[in-house]
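The values are calculated or read from the model by the stated rules, or taken from the named source; none is laboratory data. Remember, predicted model here, so these are calculated numbers, not experimental data. Cβ coordinates were reconstructed from backbone atoms using ideal geometry, including for glycine residues, and neighbour counts include every protein chain displayed. Accessible surface areas use protein heavy atoms only, side chains included; no ligands, DNA or RNA. Shrake-Rupley method; radii C 1.70, N 1.55, O 1.52, S 1.80 Å.
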Amino acid sequence: MIPITKPMLGEKEAEAARRVILSGWTSQGPEVAAFEKEFAEYVGAPYACAVSSCTTALHLALLAVGVQPGDEVITVSHSYIATANVIRYCGATPVFVDIDPDTFNMDPTQIESAVTERTRAILCVHQIGMPCDLAAILDIAHRHSIPVVEDAACAIGSEILWQGQWEKIGNPQADVACFSFHPRKVISTGDGGMITTANAEWDAKFRLLRQHGMSVPDTVRHGASQVIFESYPIVGYNFRMTDIQAAVGREQLKRLPEIVDQRRELASRYQSLLATIPGLGVPVEPDWARSTWQSFCVRLPVESDQRQVMQSMLDAGVATRRGVMCSHREVAYPANAWSCVGRSEGCVCADGSCQRLRHSQEAQDHTIILPLFPQMSPDQQDYVVKALHDALGVMPVN
Ligand SMILES: *Cc1c(COP(=O)(O)O)cnc(C)c1O
C-alpha cells in the first residue's frame with residue numbers, strides 16, 4: 001500500500017521529546033522560545049509566535065488586524081474548512097471569491113468587486129504549498145487599506161520572487177502569515193502552528209491572547225526572585241504550544257531544507273512521468289513561485305469519474321485523496337453564513353452550489369491528490385503513475 005503521505009519523524013524527534021519530558025518543564029517555555037527564534041530566522045521574519053495549530057494562529061491573526069462581528073473577510077471557499085471557520089469565530093462573514101483553475105489559488109481579478117465598506121481583511125491561501133499571487137492581492141489591498149493575512153498552512157519552505165529576490169513565505173510579504181505543523185503538512189509537531197509578522201504590537205497581542213490574556217508569562221514568574229502577581233487585561237484563550245511539541249519542531253526544522261528538496265525532486269519527476277497521459281492536467285507553478293508540493297494535485301480528463309479513478313487506484317494499493325474541498329458546499333455553511341461577489345444582486349444558486357464559484361467546485365470534483373512524501377522511492381512513484389494510467393484506461397467514456 002502506498003500512503004498519501006508519511007511524516008519524516010525519527011530518533012532525533014523522539015529523543016527531543018524525551019529530553020523535554022525528563023526536564024520537568026513541558027508546557028510553553030524555553031523550547032517554544034527557541035523554536036520561535038529558529039523559525040523566524042528560517043523564513044526571515046522579524047517575529048514568530050508559536051500556537052496550538054494553524055487554525056488558532058489564523059483566529060488570532062484576524063483578531064489582531066481588527067476583524068469584528070459584522071465585518072466581512074474576503075477569502076476562498078476552495079480551502080480546508082478552517083480557513084472559513086476562523087472568520088466565523090470572529091463573528092464575521094466569509095466572502096468567497098473563485099480560484100484560478102490552473103493554480104487552485106485565489107483569482108486576484110475577483111477581489112476588487114468583492115470589496116465593500118464592511119471588508120476588514122483579505123485572507124488568502126497558499127493552497128497545498130503553491131504561493132498565491134501576493135503582489136496582485138496586496139496591490140488591491142493597499143489601494144483599499146485592507147490588511148492581508150496569509151494562510152500558509154502548507155507553505156513552510158515555499159518561496160516567492162519578491163522585488164527581484166526569492167523570499168520564503170512568512171517573511172511576511174503581507175501583514176501576518178500562519179503555518180501548520182499537522183502531520184499532513186510539510187513538517188509536523190503532532191499538532192501546532194506559528195504566526196509570523198513584522199508588526200511588534202501584533203506579536204505582543206498574539207502572545208497575550210494565546211495565554212489567557214495573562215500579563216506575565218509563567219516562565220517569568222517561575223524565574224523571578226521577587227513575588228509577581230499577574231493580571232488579565234483582556235479575555236484571552238489557551239492556544240499554547242507545549243515545549244514537547246516545540247522540541248520536536250526544532251528537529252523538524254533541521255530536516256526541512258532536505259524535505260523540501262526531495263519533495264521538489266519528486267514533483268518534477270511526476271511532471272515528466274504524467275506528461276504521457278492524454279487529457280490529464282498537471283500542476284502549474286508560476287515562474288515567480290516555488291511550491292513545497294505539500295500535495296500534488298492533478299486534474300482528471302473530462303470524461304473520467306473521480307470516485308471510480310480513486311477506487312481503482314485504491315484497489316491497486318495506491319491511496320489518493322479528492323481535490324481540496326469547498327467550504328460553501330458543507331452543511332455547516334448554509335447560504336446565510338457566507339457571501340460571494342454580487343450576492344446582493346440576488347443570488348439564485350446558494351446552498352451547496354454557486355455559479356460564481358464554478359472553478360472552485362470543478363477543482364473539488366475533477367482533481368485528485370497523488371501520494372508524495374520524501375521517503376518515496378522512484379519505483380513507488382512509477383507504480384502510482386502506472387496505477388493512474390490503468391485507472392483512466394478502464395474508464396467508460398460517458
Ligand atoms: C491544514 C490547514 C489548516 C488547518 O491547520 P491546523 O494546524 O490543522 O489547524 C488551515 N488552512 C489550510 C489551507 C490548511 O491546509
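Report the paramagnetic label zone for A135: residues of the range 173-217 whose backbone N is under 18 Å from a point 7 Å from Cα along the Cα-to-Cβ axis. It comes to 173-175, nothing else. Counting only residues at least eight positions apart within a chain, or on another chain, the lysines with an alpha carbon under 23 Å from that of K12 are K37, K185, K254.
Distance between the C-alpha centers of the range 35-113 and the range 201-219? Whole Å please. Rounded to whole Å, the Cα centres lie 20 Å apart.
Our analysis of the range 1-138 gives Rg over Rh at 1.05, with the two radii drawn from alpha carbon positions and Rh computed by the Kirkwood formula.
Within the range 241-263, what residues put their amide N at less than 20 Å from the label point 7 Å along the Cα-to-Cβ vector of A34? Those under the cut-off are 241-257. The loop-placed GluC sites (Glu not before Pro) in the range 67-157, going by DSSP, that have at most 11 neighbouring Cβ atoms within 10 Å of their Cβ come out as E117.
The share of accessible area on the chain that comes from carbon and sulfur is 52 percent, using a 1.4 angstrom probe. The chymotrypsin sites (Phe, Trp or Tyr not before Pro) found in the range 5-42 that occupy coil by DSSP, while having at most 16 further C-beta atoms within 10 Å, are W25. Place +1 on the Cβ of every Lys and Arg and -1 on the Cβ of every Asp and Glu in the chain, take the dipole about the Cα centre, and give the residue among H212, F39, C90 whose Cα lies farthest towards its positive end. Value: H212.
Against the chain, whose longest principal axis is taken from its Cα atoms, helix 54-64 shows a tilt of about 60°. Ellipticity at 222 nm from helices only: DSSP H runs of n ≥ 4 in the chain, each -39500 (n - 2.57), divided by the residue count, give -11000 deg cm²/dmol.
The calculated FRET efficiency for the pair R221 and A14, based on their C-beta separation and a Förster distance of 30 Å, comes to about 0.45.
Are there GluC sites (Glu not before Pro) in the range 251-346 that DSSP marks as loop and that have at most 11 other Cβ atoms within 10 Å, and which are they? Qualifying residues, ordered by number: E303.
By the equivalent-ellipsoid construction on the alpha carbon gyration tensor, the range 118-264 comes out with semi-axes of 30, 22, 12 Å, ordered largest to smallest. Applying 1/(1 + (r/R0)^6) with r as the Cβ-Cβ distance of N336 and N238 and R0 = 22 angstrom yields a FRET efficiency of 0.10.
With semi-axes defined as the square roots of five times the eigenvalues of the C-alpha gyration tensor, the equivalent ellipsoid of the range 11-254 measures 31, 21, 15 Å, largest first.
When only the Cβ of Lys, Arg, Asp and Glu is charged (+1, +1, -1, -1), the dipole of the chain relative to its Cα centre reaches about 740 debye. Given R0 = 56 Å, the distance between the Cβ atoms of V284 and F229 translates into a calculated FRET efficiency of 0.45.
Taking all Cα-Cα distances within the range 257-392, those exceeding 26 Å account for 35%. Rolling a 1.4 angstrom probe over the protein heavy atoms with all chains in place gives the range 11-254 an accessible area of 39 Å² per residue. Rounded to the nearest 20, the size of the Cβ-charge dipole of the range 156-201 about its Cα centre is 220 debye, with Lys and Arg at +1 and Asp and Glu at -1.
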